[in-house]
1. Could you give the length gained by full extension between A:Tyr13 and A:Asn324, i.e. 0.36 nm per residue of separation minus their alpha carbon distance, to one decimal place?
2. Extension gain B:Asp244-B:Asn168, at 0.36 nm per residue separation less the Cα-Cα distance, in nm?
3. Consider a paramagnetic label point 7 Å from the Cα of A:Ser418 along Cα→Cβ; state which residues of segment A:782-813 have an amide N under 15 Å from it.
4. What number comes out for the charge environment of A:Leu214, summing +1 per Lys or Arg and -1 per Asp or Glu over other residues with Cβ under 10 Å away?
5. For A:Ile358, A:Ile503, what ranking results if the residue with the fewest other Cβ atoms within 10 Å of its Cβ goes first?
6. For A:132-142, what's the mean count of beta carbons from other chains sitting within 10 Å of each residue's beta carbon?
7. What is the Rg over Rh value, at two decimals, for the protein assembly as shown, using alpha-carbon atoms and the Kirkwood definition of Rh?
8. Run the numbers on segment A:522-682 and let me know its relative contact order in percent, using alpha-carbon pairs under 8 Å that are six or more apart.
Amino acid sequence: MNTLLCVAATRFYLKRPWQLCLAIFGIALGVAVYVGVDLANDSARRAFNVTASLINGSTTHQLVGTANDIPNSLYRDLHLKYGVRFAAPVIEDGVRLASNTRRELTVLGIDPLKETEFRGFSSFIPGSETNLPQLISEPGTALLPESLMSELGLERDDELGLLVGNIEKKIRVIGTVRDISLTAEGATAPIIMDIATAQELFNRTTISRIDLILNDSEAEDLTSLDLPNVLLTDANDRNASFDELARAFQTNLTALSLLALLVGVFLIYATMSFAVVQRRKTFGVLRALGVDRNQLLLVTLSEALIIGAIATLLGVLLGHQLANSLVELVLQTTGDFYFRSNVAPATPSILLYIKGFILGVATTLAAAAAPALDAAHTMPQTAISRAKLERSTRKIADRAALISVPISLAALVLLGFSTKSLYLGFIGLFLVIAASTLLIPTATRVFAKLVEPALERSFGISGSLAARGISASLSRTGVATAALTVAVATVIGIGLMVSSFRISVDEWLSGTLTADIYLSTESENVFSNSRIEELNAIQGVIGTSITRFIRVPTEQGELTIRAQRAGPLGWGLSLIEEFPDAIERMESNEGILVSEPLAFRQGLEPGDKLPLPTKQGKEEFTILGSFKDYNTNGGTILMSLSLYRTYWNDEDINGVGVYLDTNSDRENTISEIRTFLEETPSVRYRSTDFIQEQSLSIFDQTFKITEVLRVLAGLVAFLGLFSALMSIEIEKTREVATLRAMGLDPRQIGILTLSQTSLLGLASGLFAIPLGIIMAILLIYVINVRSFGWSMSLVLSSQPLLFGVLLALTASILAGIYPTVRAIKFNVAPQLRDE
Amino acid sequence: MNRFLILATIILTSCSEHHEQIATQIENATEFLGESVPEGFARVTSQRIFQFPEDHGSHEDYQNEWWYITGNLEASQQRHFGFELTFFRYGLNANTTPRKSEWAANHAWMGHLAVTDSQNNEFVAVERFSRQALKLAGTQTTPFKVWLEDWFIYGNKDNIWPLSVNANSERVGLNLTLNSKKPAVSHGDGGVDQKGPEKGNASHYYSFTRLDAKGTVRIDERSYQVSGSAWMDREWGTSSLSPDIAGWDWFGLQLSDEREFMYYRLRTNDGQSSPYSGGSIILPDGERLNLNASDVFLEPLKYWTSPETGATYPTSWQISIPQEEMTLTVNPYLDKQELNLTVRYWEGAMKVNGIRKGQSITGQGYTELTGY
């Protein structure tokens, strides 16, 4: 009997190769998206770790100066007086190429002997040709990134001119450094020098920082020494905020990929339940012949297992391919945007493939469980009655619609009562999706009923039959519509979120960038008071804002201080939470403003105190409010320049905003400013338009991967609907034959088929609009805030909405074409022969 | 002793990569230490009468130099410990152009600290590196001091004795006072130890072969009061190993009849002893008998394969010196005494049993095995 069952099942699928292939491909695609994103995320994460360990090595802590650099003697004292075992001195400073003064490079001065303990120095150096004794003991020698060598056409032992400030110095290249990666601007690997050579190059007697490997008690001992003017920071904390962003970003991607898998699960559910529904008669007969329930259950589950396994295997392979392209995108986004350095991908672990496979097969089995039980419970006598099945389906659908109410409530409670947890946010989102899914079969029925009169008016009996057919075959159409709705809603929701986000960033940039030109430098003492006065005196310049940017180490990671004297058009801030007159109070040195992500992450409220390491030791500053900031620098603190100067004893400026008179000759003024800048080649000139354009292109770059996932989810949805609708229409062969026999002409049958599939597509598209908007709202007000601390407003742009509906309609119309053609060419007699 | 050859061994072993890890070690080490003898360093070409305390300090004209102390110690209830503390100086550049930075250095230092805890079957070895700059590492003559960060050996103002030895790492630490029972002994021919046929392929080599040691050994959180006997080698020169030498086996043994035995066998690539192998027997009164390659017969008795690196070392030996009618069996306190550091070698505490002129003798000491 078992053999018989298997033969019957095999025949069933062999007779419907289309149905089988589409199901397999749909599931495979769902699995592929999940596996692809998972692999890409993992690869990216590991690549970051590799890069971080190349740069930070096994560094656990760092000693950094709170205001100035670190004296050489502190390094010696660490070893000789304080018994620190692993310490490595580092000088990190910038130079420019003498041959191309726009090209900035980082110089890393290190002690190669200490590097063996920290960074595994040999991994920096390809081959064994590098002569380390020479690097240490010969003045002016350096290792160059390989790409820079070939770019500049340099050979070993060639000289290279570098600009330090405005003074040209020569170094001799005695070896190469393996590039960590390349960006559009060239190598990101630094020029490596011995620490002595670096001091001589920069004419300094200090070092930038000391990298340390400490255990907890050693770290405590060192902290208790309370060394003056230095701060011990945890190397992990230093990038903690960046890690958090990258993690949030990856969680978002994983959630999106799960959504794709979810659509895949719908698909298998649709396929399996459909395959069961189609064979109810066969099962009924089999039951009547004495096949017991367990055997039927086993056969149905085995079918699901086989289809699931084949599809998942295919999905894993596809996912592997997909990961290759995705990983570049993930790395670009998380790398460029958050870490400001590119990283190369790493080979993913085999476990992820296994995980993807197990997940794919398990979800297939879970999705098939209900139809399989259904098959097993087929009663011999009821199996024949299609009408009875549809009645019970309607009942189930109505019950499901009722269940969606408590699920929605649970989602609301979860989202309302958690404020920070990203995971709970996602669970809430998934619950909302689940609740909507449960509503859809009933909604489809209601929708069909509502449009029936209109269809009848337009297409006559075909239209009316199309609408009624939807309710009448709810067991087939319900799940398909639900799957398509979720997929399309995802496409709409993400589209709305991204476009709202982009609009918010654009508005924020326009509001913040009040000046016309921004000048910045990484060199010291470039903008003296007299230089700024000269700048102000240029014809057509109506004023300047001056800013000091510094990075300060805090216990919660590195933060940026933006100390500013505002220009003639004010601060350009968009405040979120504030004490009254926050800006005035900041100007009168009563406190500071913090960026929104920083406030969110650290739970800072107006009135709180934030300790910062100043030149006079740790000082607490009152928070007056928070401002919108879409920068990903880990957190910004805004204060008045005079407050900064009081605490940091630092008169230097590294940013100037220039305001131009709108009535004067702009071109002329700009060219005068350019001439003025010739004296100081280290100053970077950027127009506001340029910054805005650049920022938005980075934004688009960041969301490229989201777009890719959106398209993939759309594709899964498309396939799902296509296969489901086609199966429905093909299954209607006998119905069509009856209708033809009753006198409907082929054209009418064509209209009936096509309008029925289009109707389902339209229903999905329409249902997807509110669900998509709800998803966008959750993504914007819950997920994004919890991931990045960014607030923004929902903007209902029409493009994503239209795109979603069009996607659904196109899929359904395309899916209707083949059955329509088939129905038109239909030969009635054979189908009705056994009636 | 032939530890200067360590540099060359690194290059040699790189030809027979056991292990990826070894390959990285070798890569590190060759890059760190350089491959050939640079121009400008002095070579050992003539005999030398050692002058103290001056010769205890650095000889920076020569490229390589070390201070090497090994010893066997005992805590209460005859609990045995072995230790090794070494300071290597390596000349990076013979030209000494004056430079502005305080970090500028022409010498690099490498230190090894190893402790053998026989009772617990435990061996801990650590290394550290530093440049000779900012007073991070270096030597001084009066009072004698050699240091690498906070590891140091320092002597008394006039004479170097008693010598204080102090080195700590996370897991082990040493704090010992050493007193010499015998005067310094010059090895080779008038303090010149020839390593190969090439002129200048030689070193100046002297030893204190019997030092009373007292102090503490720390293993993790516990310190043990110990006393025992140590050995100090001093050697410097500028040379590379002859191409046909694969490594060496060195023995420094203190015997119960108040004699000491030092012998190094330079092993050729085909496993034979090089004619440039040699050693000394130091008599109870401090007099020295010269040993040539033909005077000493070595036979490995037992091999041990390191689970960490896969290298196989002959750790038990039979040593015969027919002219002295002496046969010694040398066994390690512990097989696991491999220093798996940037430079990989085996150096371990040994116990000795044997017969000399019909009398049974015992003893202890250290063995160094390289090029395996």
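Every number here is computed from the coordinates shown, using simple stated rules; none is lab data. Because the structure is a prediction, the values reported are computed rather than measured. Here the Cβ is made from the backbone with ideal geometry for all residues, glycine too, and neighbour counts use every protein chain on show.
1. Full-extension gain reported as 108.6 nm.
2. 23.5 nm is the gain from fully extending B:Asp244 to B:Asn168.
3. A:782-788
4. Counting the neighbours of A:Leu214, the net charge comes to -4.
5. Result, fewest neighbours first: A:Ile358, A:Ile503.
6. Numbers: counts 8, 15, 4, 2, 11, 15, 6, 6, 0, 0, 0.
Other-chain Cβ atoms within 10 Å of each residue's Cβ, averaged: 6.
7. Details: Rg = 40.0 Å, Rh = 36.3 Å.
Taking Rg over the Kirkwood Rh, I get 1.10.
8. Taking the mean separation of contacting Cα pairs over the length of segment A:522-682, I get 35 percent.
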